[in-house]
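J.: Input: one structure, supplied below.
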Amino acid sequence: MDVRAVAVAGRGLLDPQEPVFVADDEALLRGRSVFEFLLDRHLARFVVSAERVGLAAPDPAECERLAELAIGACEEQDLALRLYWTGRTLAVTAGPVDPELEAQRARGLRLVSASWSTGALAGAKSTSYAENMAAQDAAVVAGADDALLVASDGTVLEAPTANVWWREGDTLVTPSLDLPILAGVTRGLLLELAEQETVEGVFPVARLFAADEVFVCSSIREVMPVASVDGKPFGLGPAAEVLQQELRRRAAS
């Protein structure tokens, strides 16, 4: 993310190159911090994530104030907004959305599956993302764009930074939040926006491979079609396109 503006509680707007976190902050020492991308529903999850890692809840009003400061300091209209809370420092960054995302949406993502053992923070939006990023890096080395995380028993989980969906005929399928996966805000919106039947549950990866269409969703990527998984091609079907249009329509309303 190309950060154009940074706002920090108690300090106001900072130069994006200026240090934000002190050297003994547990965010740096032990990865004890949480982050979010947007406001409204994301703020609610921000509080839950803080509780999961043992941090006091951040002040929602201060989050909104800092977000307005950061947004106001940027010229771009289409921005990615991130909030960070370490228990000592509350910071907000803003920057333009990666223009490469639209090119990826046009061709679809290539995924490779990765056997995954989840930890206690699997459902928290914490900055303890080293294992997720390692899985993503390994996928890129293998010639793909991202990883598909699969439990040791073959259950489909999620992608390192996105929730996973697929279409079986007219039915949309996505892993249940009873699994150790993140309760994605965009995932929740898609459940509301989808006009066809949606099914949440525990599914073997073989069921995904038999799907008519596969896609992932996240706050930054929005709805992103998947072109292949482990080399098996999938057509860029209609569900992802329709949901992407509806998501953009909701954002603009």
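The values are calculated or read from the model by the stated rules, or taken from the named source; none is laboratory data. Keep in mind that what you see is a predicted model, and the values were worked out from it rather than measured. Virtual Cβ from ideal backbone geometry, glycine too; neighbours counted across all protein chains shown. Heads up: the accessible areas ignore ligands, DNA and RNA and are worked out on the full protein's heavy atoms, side chains in. Shrake-Rupley method; radii C 1.70, N 1.55, O 1.52, S 1.80 Å.
J.: Distance in nm between label sites at Glu100 and Ser228, each 7 Å beyond Cα in the beta-carbon direction?
T.: 1.9
J.: Using only Cα atoms, find the angle between the long axis of helix 130-141 and the longest principal axis of the chain, and express it within 0 to 90 degrees, rounded to the nearest 10.
T.: With rounding to tens, the tilt is 50 degrees.
J.: Please give me the summed charge of the neighbours of Ala139: other residues whose Cβ is under 9 Å from its Cβ, Lys and Arg +1, Asp and Glu -1.
T.: It works out to a net charge of -2.
J.: Loop by DSSP (not H, G, I, E, B), at most 15 other beta-carbon atoms within 10 Å: where is the longest site-free stretch of the chain for GluC sites (Glu not before Pro)?
T.: 77-194
J.: Can you give the net charge of the other residues whose Cβ lies under 9 Å from the Cβ of Gly235, counting K and R as +1 and D and E as -1?
T.: -2
J.: Report the full-extension gain for the segment Gln17 to Asp170: residue separation times 0.36 nm, less the Cα-Cα distance, to one decimal in nm.
T.: The span from Gln17 to Asp170 would gain 50.2 nm if fully extended.
J.: Here's another thing I want to ask about it. Quick one: go through the stretch 43-71 and flag any residue whose amide nitrogen is under 18 Å from the point 7 Å out along the Cα-to-Cβ line of Glu26.
T.: The answer is 46-59.
J.: List the pair-distance distribution P(r) of the chain, using every Cα-Cα distance, as the percent of pairs falling in each 10 Å bin from 0 up to the bin containing the longest distance, rounded to whole percents.
T.: P(r) over the chain, rounded to whole percents: 7, 29, 35, 22, 6, 0.
J.: Another question about this same structure. If you add up the charges near Glu75, with Lys and Arg at +1 and Asp and Glu at -1, over every other residue whose beta carbon is less than 15 angstrom from its beta carbon, what do you get?
T.: Local charge sum for Glu75: -2.
J.: Among Pro160, Ser176, Ala211, flag the residue with its Cα farthest along the positive direction of the charge dipole of the stretch 139-212, charges on Cβ as +1 for Lys/Arg and -1 for Asp/Glu.
T.: Value computed over the given set: Pro160.
J.: Something else now. Length gain on complete extension for the stretch Glu64 to Asp137, per 0.36 nm per residue less the alpha carbon to alpha carbon distance?
T.: Using 0.36 nm per residue and subtracting the Cα-Cα distance, I get 23.0 nm.
J.: How far is it, in nm, from the label point at Ser117 to the one at Asp2 when both lie 7 Å from their Cα along the line to the Cβ?
T.: A separation of 4.1 nm, rounded to one decimal place.
J.: Full-extension gain between Ala210 and Ala130, please, as 0.36 nm times their residue separation minus the C-alpha to C-alpha distance.
T.: So the chain would gain 25.7 nm between Ala210 and Ala130.
J.: Compute the accessible area per residue over the stretch 202-253, keeping the other protein chains in place, probe 1.4 Å, unit Å².
T.: Roughly 46 Å² per residue, with all protein chains present.
J.: Hey, another quick one. So what are the three principal axis dimensions of the stretch 144-253 from its Cα atoms, in whole Å, longest to shortest?
T.: The principal-axis extents, from largest down, are 42, 28, 27 Å.
J.: Accessible area of the stretch 170-253 with a 1.4 Å probe: how many percent of it is carbon plus sulfur?
T.: 51
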